[in-house]
Amino acid sequence: MSRGILLVISGFSGAGKGTVIGELLHGENKREDCCLSVSATSRTPRQGETEGVSYYFKTAEVFEQMIAEDKFLEYTKYVGNYYGTPREYVMEKLEAGINVILEIEVDGAMQVKSKFNEAVTIFITPPNAEELEKRLRGRQTESEEIIQKRLLKAAEEALSIPHYDYLIINDKVADCVSTISDLIEMEKRRVVNQSEFVAELQEDMKQLADREKK
Ligand code: 5GP
């Protein structure tokens, strides 16, 4: 069995990442071979968010304790709050051959890429800046101050797009989901992601050749 693929998905706040990932995992054409890593954060829950599903909500003190204990694969501070990927879950799933999706921001994505060169980094964007602003304001879960902070942050994040492996425009959710699904299929076909199969095949071919020589 081959190791799972580590997929890192970033995008501006309001790009529709959550919807796309939700469809990929639970929608009509859901992928059973993928799971989502639930992050820890020190921000307060939004309405409708559930502990252990949306995030593991921690106080800043507890989060800092977890940093000290090296519990994170990566972590960062984003608009005043900590966010981090718990290491253990990700490593367990990858070892079990399950593809793991991290929905994280730019700084964390680059940390992951520097530790796992084979990770696939994807940036999702709305078709243009106007659409991004519309989606962000349409969400109506945040104050004007937070929305402004997120728009400023988005302009900063746009500068990091060239560091990603893939850029996907989220115009239609279904198209975006099927593009990511295709990408997973292609990644699975990389020789480095099929090393056990290759070793087995080489061994079988060797035996075949030995038999022919006799
Ligand atoms: P939100 O507060 O909107 O849920 O998330 C804010 C940003 O933090 C989003 O861009 C989201 O992708 C990112 N984020 C969520 N979890 C993590 C994480 O574990 N690590 C990092 N680096 N970013 C995260």
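Couple of notes before you dig in:
- Residue within the stretch 71-87 that is touching a Ser or Thr at 6+ places or on another chain (Cβ under 8 Å), part of a helix (DSSP H, G or I) and closer than 25 Å to I180 by Cα present: no
- Residue pairs meeting the criteria (Cβ under 9 Å; at least 6 apart or on separate chains; first of a type in the set (V, I, T), in the stretch 45-66; second part of a loop (DSSP other than H, G, I, E, B) and surrounded by 12 or more Cβ atoms within 10 Å (Cβ to Cβ)): V53/V38; T59/S42; V62/S42
- Looking across the stretch 68-88, the residues that are surrounded by fewer than 13 Cβ atoms within 10 Å (Cβ to Cβ) and at pLDDT 95 or above come down to A68, E69, D70, E88.
- Residue in the stretch 80-91 that is more than 30 Å from D171 (Cα to Cα) and of a type in the set (A, V, I, L, M, F, W, C) present: yes
- Cβ pairs under 7 Å, 6+ apart, first in the stretch 198-209 and closer than 21 Å to K188 by Cα, second part of a helix (DSSP H, G or I) and small (G, A, S): none
- Members of the stretch 1-35 found to be hydroxyl-bearing (S, T, Y) and either modelled with pLDDT of 95 or more or closer than 23 Å to K113 by Cα (or both), listed by number: S2, S10, S13
- Residue match in the stretch 169-178 (condition: of a type outside the set (K, R) and within 15 Å of the ligand (Cβ to nearest atom)): yes
- Taking the criterion of being surrounded by fewer than 13 Cβ atoms within 10 Å (Cβ to Cβ), more than 11 Å from the ligand (Cβ to nearest atom) and either outside any strand (DSSP E or B) or at pLDDT below 95 (or both), the residues of the stretch 36-59 that qualify are Q47, G48, T50, G52, V53, T59.
The values are calculated or read from the model by the stated rules, or taken from the named source; none is laboratory data. No experiment lies behind these values; they were computed from the predicted model shown. So basically every Cβ, Gly included, is an ideal-geometry build from the backbone, and we count neighbours across all protein chains shown.
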